[in-house]
1. Report, ordered by the first and then the second residue, all pairs with beta carbons closer than 7 Å, sequence separation of six or more or different chains, a first member in segment B:28-51 that is without any contact (Cβ under 8 Å) to a residue 24 or more places away in the chain, and a second member that is outside any helix (DSSP H, G or I).
2. Here's a check for you: in segment A:5-26, which residue that is within 20 Å of the chain's Cα centre (by Cα), free of Cβ contacts under 8 Å to residues at least 12 places away in the same chain and in a helix (DSSP H, G or I) is nearest to DNA strand D (Cβ to nearest atom)?
3. Filter segment B:63-100 for residues that are assigned to a strand (DSSP E or B), away from DNA strand C (no atom under 16 Å from the Cβ) and farther than 30 Å from B:D5 by Cβ and give the result.
4. In segment B:60-117, which residues are among the polar types (S, T, N, Q) and within 18 Å of A:D72 (Cβ to Cβ)?
5. Just the residues that are over 11 Å from B:Q17 (Cα atoms) and either in contact with a Cys (Cβ under 9 Å, 6 or more places away or on another chain) or within 6 Å of DNA strand C (Cβ to nearest atom) (or both), please, taken from segment B:37-54.
6. Being facing chain A (nearest Cβ under 10 Å) and either surrounded by 18 or more Cβ atoms within 10 Å (Cβ to Cβ) or part of a loop (DSSP other than H, G, I, E, B) (or both) is the filter here; which residues of segment B:101-113 pass it?
7. Among the residues in segment A:71-93, are any open to solvent by 60 Å² or more (accessible area, probe 1.4 Å), farther than 24 Å from B:I99 by Cα, within 12 Å of another protein chain (Cβ to nearest Cβ) and not charged (D, E, K, R)?
8. Do we have any residue at all in segment B:114-135 that's more than 7 Å from every other protein chain (Cβ to nearest Cβ), part of a loop (DSSP other than H, G, I, E, B) and of a type outside the set (A, V, I, L, M, F, W, C)?
Protein chains: 2
Amino acid sequence: MRISDKYRYLGIKLTPQRLAILSYLDGNRSHPSAEDIYRSVRKEFPTMSVSTVYNTLDVLKEKGDVQELTIDPRKKRYGPVNTPHNHLMCNKCRHIVDINKEFKFTLPSSMTEGFELTGNHVEFFGFCSNCRKKQ
Amino acid sequence: MRISDKYRYLGIKLTPQRLAILSYLDGNRSHPSAEDIYRSVRKEFPTMSVSTVYNTLDVLKEKGDVQELTIDPRKKRYGPVNTPHNHLMCNKCRHIVDINKEFKFTLPSSMTEGFELTGNHVEFFGFCSNCRKKQ
DNA sequence: TGATTGACAAGAATTATTCCTGGTTGATAA
DNA sequence: TTATCAACCAGGAATAATTCTTGTCAATCA
C-alpha cells in the first residue's frame, strides 16, 4: 500500500507539512532533531511552528512511518524507518559514531508479549580514543 | 583494581555521596531516573541536592562505573554497568517491556574507530497488542 | 598555617517538549 | 451550494528535566 493510500484509508490527511517532513527524513542519515527539522522545513513553510513539527512527528511515528531515535539523551532525534540506526557513543564526550551494519535478531514470542516488531536499534557504548587516555 | 583504588589513582574522591549512589545502583534493575535516585539517597543524606545527583552520575558515568540508559526519551535513566538493559517499546503508547536476554556480539575493529567498548543496549520497537488494532 | 583544589548545596537559568486556545481548512452530506 | 464537523495548525504559555552559577566547606599539600 502506498503511503498516501494508507493515510486515506486511516482517515488521516497527508498534509503538505507532513509530506515535507516525510520527504526531509526520507533517506536522511543525519538523525536530525525536531529543531533541525523545523529549521529545514521552515524554508518551505515559513509559517510552520515547532509544535506542528512535534505533532507531525508524533503522528508519523505512531503510524510507523518515522523512527524516533534515542541515541542522544539530551533530545529526541528522528530518522526514516527501514534504515539501520546503530551507534557507538562515548560515555564521556558523547561523540557518536554510526555503525553501518545491520543486526537481525528475532525474539522468542514468549518474550514479545504480543508485540508486532518493526525494528531494532543497537547502541554500543564505551570510550573513544581521546577519552580512553584518562579514565 | 578495586573501585576505591581506581578513584585514588585518578585523584578523585570517592565521597559518601558517591558511594551512596553507587550502592543504590548496584544490582538495581529498575532503571531509576535522577529524581528516583535523589529521593532514595536523600533519606541517608538529607542535605543532598539534585545537582549533586546529576554531577555524581556524570562523574561515575565518565569513569565507566554507571550506565546512562536511553530507554525513556523523556528523561535519563541510570543503571549499574554489567547488566543487560534491553527493551521492547511500543511506538505508539510508549509501553516498555524488559527483555531479559543478553546479546553478545562484537564489532569488527574497523568499525569502532579506536573505541574501547564497554557494553551495548538493544532496543526493539514495534506496536503492542493494544495499539496494533488501529495503526 | 595558609593556599589550593575538589566537592557540595541551593537555587537560578536554560532547553526540549508538551499543552492549550482559537482560528482555518477540507471533506461530507443535506 | 452551503452547513457541519473533525482534523489540522500556529502561536505562545506552561512544564519538566537538566545544566549552570555562586558561595561555602573540607581535605590536602606546600
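1. Hits for this filter: B:R42/B:M48.
2. Per the stated criteria, the residue is A:L19.
3. Result: B:N86, B:H87, B:L88, B:V97, B:D98, B:I99.
4. Hits for segment B:60-117 are B:Q67, B:T70.
5. Passing the criteria: only B:S51.
6. Once the filter is applied, which keeps residues that are facing chain A (nearest Cβ under 10 Å) and either surrounded by 18 or more Cβ atoms within 10 Å (Cβ to Cβ) or part of a loop (DSSP other than H, G, I, E, B) (or both), segment B:101-113 yields B:K101, B:F103, B:F105, B:T106, B:L107, B:P108, B:T112, B:E113.
7. Yes; the residues of segment A:71-93 include at least one that is open to solvent by 60 Å² or more (accessible area, probe 1.4 Å), farther than 24 Å from B:I99 by Cα, within 12 Å of another protein chain (Cβ to nearest Cβ) and not charged (D, E, K, R).
8. The answer is yes; a qualifying residue exists.
The values are calculated or read from the model by the stated rules, or taken from the named source; none is laboratory data. None of the values given here were measured: they were computed from a predicted structure. Neighbour counts run over all protein chains shown; Cβ positions are idealised from the backbone, glycine included. For accessibility, only protein heavy atoms count, side chains too; no ligands or nucleic acids. Shrake-Rupley method; radii C 1.70, N 1.55, O 1.52, S 1.80 Å.
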